Amino acid sequence: MTGRIVMAAMLVLAAFAVAPQAAAARSSACTWRTQALQVPTGATQHQVSATDHHGGYSGSAYFPDSGWRIVYWKDGRVIDYGSSGHGTDRVVDQNSSGTIAGTSVTGLWGASAISFRIRDGRRERLTPYPGAELNSRAIGITESGDVYGSAVVWEGNTTVYVAVRWPYDRPGVVEKVTGLPEGMRVVDVDRDGTLLVGTETTYPWPHLWRDGRLTRLPEVPDMQFGYARAVADGMVAGMLRVGSEPNRPAYWDRNGQPHQLSQSSVAEHINRNGLIVSSLTSTPFQVWRFGTLVGQLGDAASVTTIGDDDSIGGTIRGANHLPAAAVWRCS
């Protein structure tokens, strides 16, 4: 039923699973080896932002003569897709067909934004939502190539977020996601088109929008607050604060049940195999398989994506001390 909020059927103690300390403290099951990706000729810094889940990685590179450009590492090559000419180009997501969704921002705090899609090697500007000509931002892409995002429009003296969709099979079309309650913003996009959404608050509680139905993910006993960052194959990764404990990384399984991990601060990324990367300021990124700690990325400066092939993408510090694109794999 369109616009209906579907609550979890039961909120009981058994629904909240905390990963056992013994499992979390277990030594790494493998070594996460770093592969520095090829430096685009002439670039001074570069970064991975997304993956095609088949050994290809997309991101951006900075060239002193032309600024930020979109690049794609695939089969030992670096493909340069150039820039939009609007501002700072960034990849936000990529699907397994290699289609890329991105934004280009300029102005104070990236106040002005346009969005684009790159498919079959060709770049297309995504039509802005009416009233948000310079503030229509892509957030994620589905396996079928549809791009979802948020547009900011003025209503009187206030701004309102509108969830929007750019359909793959209708170039030039932008449409509002109808039925989604007002105040909900798109946080992430699952491959089947399920949207992870939350309200416009500091800690937006995670909801899933699927087939015209809004499902609020279950809370846990004695919860203070929580939020989510990513969705993959029906699983959601984020953070929970319970009782007097500090923030802990957490995930919701495919049945919607929450699980809290025992270390670190927030689960930033998750893939369909339950591989999770969590972070805490000034400590290495940690890698989990569901509730079991399986290693850490000691040299990672940032982590931005996890592939369904279990590769992890992000940056390390390059020889010039600037960000350099890298990938980690378990061996």
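Name the residues in the stretch 265-276 that are touching a residue at least 40 places away in the same chain (Cβ under 8 Å) and crowded, with 21+ Cβ neighbours inside 10 Å, would you?
H269, I270, listed by residue number.
If you go through the stretch 35-94 and pick out every residue that is crowded, with 17+ Cβ neighbours inside 10 Å and small (G, A, S), you end up with 11. A search for C-beta distances below 6 Å between a residue of the stretch 165-179 that is under 15 Å from G140 (Cα atoms) and assigned to a loop (DSSP other than H, G, I, E, B) and any residue that is acidic (D, E) and open to solvent by less than 30 Å² (accessible area, probe 1.4 Å), counting only pairs 6+ apart in sequence or on different chains, returns P167/D146; Y168/D146. For the stretch 134-148, does any single residue satisfy the condition of being in a loop (DSSP other than H, G, I, E, B), touching a residue at least 12 places away in the same chain (Cβ under 8 Å), under 28 Å from G87 (Cα atoms) and open to solvent by less than 10 Å² (accessible area, probe 1.4 Å)? Yes, the conditions are met somewhere in the stretch 134-148.
Can you tell me which residue is nearest to I306 (Cα to Cα) among those in the stretch 217-259 that are β-branched (V, I, T) and surrounded by 24 or more Cβ atoms within 10 Å (Cβ to Cβ)? My answer is V231. Of the candidates S311, S262, the single residue that is out of contact with any Leu (no Cβ under 9 Å at 6 or more places or on another chain) and open to solvent by less than 20 Å² (accessible area, probe 1.4 Å) is S311. When S262, S278 are checked against the criterion of being out of contact with any His (no Cβ under 6 Å at 6 or more places or on another chain) and either under 21 Å from G314 (Cα atoms) or among the acidic types (D, E) (or both), a single residue qualifies: S278.
So if I check each of D188, D146, D192, D169, which one is modelled with pLDDT of 95 or more and out of contact with any strand residue (DSSP E or B) (no Cβ under 9 Å at 6 or more places or on another chain)?
D169
Just to verify a result, which residue in the stretch 164-206, among those that are within 20 Å of V92 (Cα to Cα) and among the hydroxyl-bearing types (S, T, Y), is least open to solvent (accessible area, probe 1.4 Å)? If we take residues in the stretch 164-206 being within 20 Å of V92 (Cα to Cα) and among the hydroxyl-bearing types (S, T, Y), then T194 is least open to solvent (accessible area, probe 1.4 Å).
Looking only at the stretch 99-138, count how many residues are within 17 Å of V189 (Cβ to Cβ) and out of contact with any Ser or Thr (no Cβ under 8 Å at 6 or more places or on another chain). The qualifying residues number 1.
Among the residues of the stretch 277-308, those that are part of a loop (DSSP other than H, G, I, E, B), crowded, with 17+ Cβ neighbours inside 10 Å and either of a type outside the set (A, V, I, L, M) or in contact with a helix residue (DSSP H, G or I) (Cβ under 6 Å, 6 or more places away or on another chain) (or both) comprise F290, G291, G307, D308.
The values are calculated or read from the model by the stated rules, or taken from the named source; none is laboratory data. Because the structure is a prediction, the values reported are computed rather than measured. Every residue, glycine as well, gets a Cβ built from its backbone with ideal geometry; the counts of neighbours run over all protein chains shown. Areas reflect the complete protein model, heavy atoms only, side chains present, ligands, DNA and RNA absent. Shrake-Rupley method; radii C 1.70, N 1.55, O 1.52, S 1.80 Å.
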